[in-house]
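Below: one structure, written as C-alpha cells.
Just so it is clear, none of the values below were taken in a lab; they were calculated from the coordinates. Bear in mind that the values here come from a model prediction, so they are computed numbers and not experimental data. Cβ coordinates were reconstructed from backbone atoms using ideal geometry, including for glycine residues, and neighbour counts include every protein chain displayed.
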Amino acid sequence: MTFGARLAAAVADRGPVCVGIDPHAHLLEAWGLPDTAAGAEAFGLEVVEAAADRVAVVKPQVAFFERHGSAGLVALEHVMRVARERGLLVLADAKRGDLDSTMDAYAQAWLTPGAPLEADAVTASPYLGLGSLEPALALAERHGKGVFVLCATSNPEGAGLQSRADASGESVAASIARGVDAWNAEHAPGAVGAVGLVVGATVVAADLGVTLTPSTPVLAPGFGHQGARLSELRSLYPEGTIVLASTSRAVTAARDGVAAAIDAAVEEAR
C-alpha cells in the first residue's frame with residue numbers, strides 16, 4: 001500500500017489530529033522529568049501511549065532529541081519504534097534538505113525500512129530548489145513512505161521569502177505547491193500522493209497563490225499554542241483535502257492529562 005493510501009485510510013479511521021512529540025525543556029520540568037535524553041524518551045513514550053488508538057499520526061520534533069546528542073537519537077529511535085508498533089504513523093519532523101548524494105543519505109536515514117531512524121514520513125525543506133529533493137521523493141515512493149515539503153509555514157519570518165514572486169507573478173510557495181502537485185499527478189494519478197505540503201493553519205494559502213488539491217495531503221502546524229482552532233479546520237482547508245492538524249504543547253502541557261486533552265482535540269476537530 002502506498003503512503004498516500006495508508007494516510008488516507010488512517011485519517012478516515014481516526015480523524016485529522018496529529019499529536020506532536022516536542023520534549024521542550026520547560027515541558028520536561030513541568031512533567032517532573034530530567035532535561036536529559038532519558039527524560040525526553042520517557043516523555044515521548046508516555047505521549048505515544050496516550051495517542052495510540054486515539055489518533056492516526058504522531059510527529060516527533062527531531063531537534064528536541066538531537067540536542068541531547070547520540071543518547072537523544074537513541075531515545076528518538078525507541079520512541080518512533082514503539083509508536084509504529086502501536087499502529088501509529090510516525091512523521092519525523094526533521095526538515096532535511098540538501099543536494100544529490102547528501103539528500104539521498106538523509107532520505108536513507110529516515111525512509112529506509114529497517115533503518116534505526118525509520119519513520120513513515122519526514123518533513124523536508126525545498127529551499128535549495130524542489131528538484132534537490134528528488135532523491136528523497138524517489139526513495140519514499142520506492143519504500144511506500146511519505147515526504148512533507150515546506151511550503152507556506154506558520155512562522156511569521158517565512159512570509160517574506162515564501163510570498164516573493166517571480167517575473168510571472170508566481171510566489172515561491174505557489175511554485176513549490178505546483179511542483180508537488182505535478183509529482184503526485186505523475187506518480188499517483190487519481191490517488192492521494194506520497195508527497196505532501198506543510199501549510200500552516202495561521203496562513204491563508206490563497207494569499208500566496210497556493211492552491212490545495214485532494215491529491216496532495218497537508219501537514220498543518222499552528223493549532224493550539226500558535227492560535228489556530230481545531231474547530232475551524234474545515235473552513236481553513238478545502239473540502240476533500242487530507243489535512244493533518246498538528247497540535248503539541250496544547251495537549252502535552254500536563255503529564256496527567258494528555259489522553260483527555262487528545263480526546264478533547266479529536267472531538268473539537270470533528
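Laid out as a table, the results:
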{"item": "Per-residue HN-Hα couplings for region 146-156 [Karplus 6.51, -1.76, 1.60; θ = phi - 60°; Hz; x = Gly/Pro]", "result": "x, 9, 10, 9, 4, 10, 10, 7, 7, 7, x"}
{"item": "Highest-MSF residue in the chain out of VAL74, VAL149, VAL199 [GNM, Cα springs under 10 Å]", "result": "VAL74"}
{"item": "0 to 90° range, to nearest 10: angle between helix 3-14 axis and the chain longest Cα axis", "result": "50"}
{"item": "Dipole magnitude of region 145-229 about its Cα centre (Cβ charges: Lys, Arg +1; Asp, Glu -1), debye to nearest 20", "result": "220"}
{"item": "Under-5 Å amide H pairs with ILE21, H placed in peptide plane, nonlocal only", "result": "LYS59, GLN61"}
{"item": "Amide H within-cut-off set for GLY196, under 5 Å, with H built and near neighbours excluded", "result": "VAL147, PHE148, VAL149"}
{"item": "Peptides 155-168, 173-186 ordered by average Cβ neighbours within 10 Å, highest first", "result": "173-186, 155-168"}
{"item": "Degrees, to the nearest 10: 258-269 long Cα axis against longest axis of the chain", "result": "30"}
{"item": "Added length on full extension, which subtracts the Cα-Cα distance from 0.36 nm per residue, ALA264 to GLU157", "result": "35.4 nm"}
{"item": "C-alpha long axis of helix 69-85 to longest principal axis of the chain, angle in °", "result": "80"}
{"item": "Using distinct alpha-carbon pairs, which all enter the 1/r mean, Kirkwood radius of region 3-269 in Å", "result": "18.4"}
{"item": "Size of electric dipole in the chain: Cβ of Lys, Arg +1 and of Asp, Glu -1, about Cα centre, debye, nearest 20", "result": "220"}
